[in-house]
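Data block below; observations after.
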Amino acid sequence: MFTLKLLGGACVEGPEGPLTGRVAQRRRLAVLALLAMSRRQGLGREKLAATLWPESGGDRARHLLSDTIYVINRALGGRDGDAVTAAAGELRLRAGAFACDARAFEDAVGNGAL
């Protein structure tokens, strides 16, 4: 299992420590952060592309998003499937693929475990 750390600086950690390389680039981490915080709702491709690449045209932004999803899935997907999945036009993180410190914090606040 991977851990997405968002509090105190974004990074993805695996069993051997923080991941480096293409998957650790800022926009790829931003996609993971946005999807993690959207929880089970997921986010539309158009919204993600427009949010992360506002300076690019629609086709270019969609291509950059597709490339980003490919890199994430290649680095973080495993025998259980892709880390980022698509259903009904929405992108989501595969359930159980990540632990996320910011989500755990939100859950603790929601449960009154201050």
* **Average accessible area per residue (Å²) across the chain - probe 1.4 Å, nucleic acids and ligands excluded** => 60 Å²
* **Virtual paramagnetic centre 7 Å along Cα→Cβ of ALA102, amide N under 11 Å, in segment 38-54** => 38-39
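At 0.36 nm per residue, minus the direct Cα-Cα distance, what do GLU16 and THR51 gain on full extension? Give it in nm, one decimal, please. All intermediate terms of the calculation are to be shown ahead of the outcome.
On the way: separation 35, 0.36 × 35 = 12.60 nm, distance 3.16 nm.
Here the segment from GLU16 to THR51 would lengthen by 9.4 nm.
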* Carbon/sulfur fraction of accessible area - the chain, other protein chains in place, 1.4 Å, % -> 52 percent
* **At most 16 other Cβ within 10 Å, DSSP loop - GluC sites (Glu not before Pro), segment 15-114** => GLU16, GLU55
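What translational diffusion coefficient, to the nearest whole µm²/s, does segment 51-114 have by Stokes-Einstein, given a Kirkwood radius computed over alpha-carbon pairs, a temperature of 37 °C and 0.692 mPa s viscosity? Display every interim value, and only then the final one.
Numbers: Rh = 14.0 Å.
Rounded to a whole number, D works out at 235 µm²/s.
At 0.36 nm per residue, minus the direct Cα-Cα distance, what do LEU34 and HIS63 gain on full extension? Give it in nm, one decimal, please. Mind dumping the intermediate values first?
Values: separation 29, 0.36 × 29 = 10.44 nm, distance 1.81 nm.
Extending this stretch completely gives an extra 8.6 nm.
Hey, got the dipole for the chain? About the Cα centre, +1 on K and R Cβ, -1 on D and E Cβ, debye to the nearest 20?
Numbers: 16 positive and 12 negative charges, 40 e Å.
Rounded to the nearest 20 debye, it is 200 debye.
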* Asked: What is the local net charge at ILE72, summed over the other residues whose Cβ is closer than 15 Å to its Cβ (Lys, Arg +1; Asp, Glu -1)?
  -> +4
* By accessible area of protein heavy atoms, probe 1.4 Å, what ranking do THR85, THR20, THR68, THR51 get, highest first? -> THR20, THR51, THR85, THR68
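The values are calculated or read from the model by the stated rules, or taken from the named source; none is laboratory data. Small disclaimer: the values here were computed from a predicted structure and weren't measured. No Cβ is skipped: glycine too gets one built from the backbone with ideal geometry, and neighbour counts run over all protein chains shown. When the accessible area is computed, the model is the full protein with side chains, heavy atoms only, and any ligands, DNA or RNA have been set aside. Shrake-Rupley method; radii C 1.70, N 1.55, O 1.52, S 1.80 Å.
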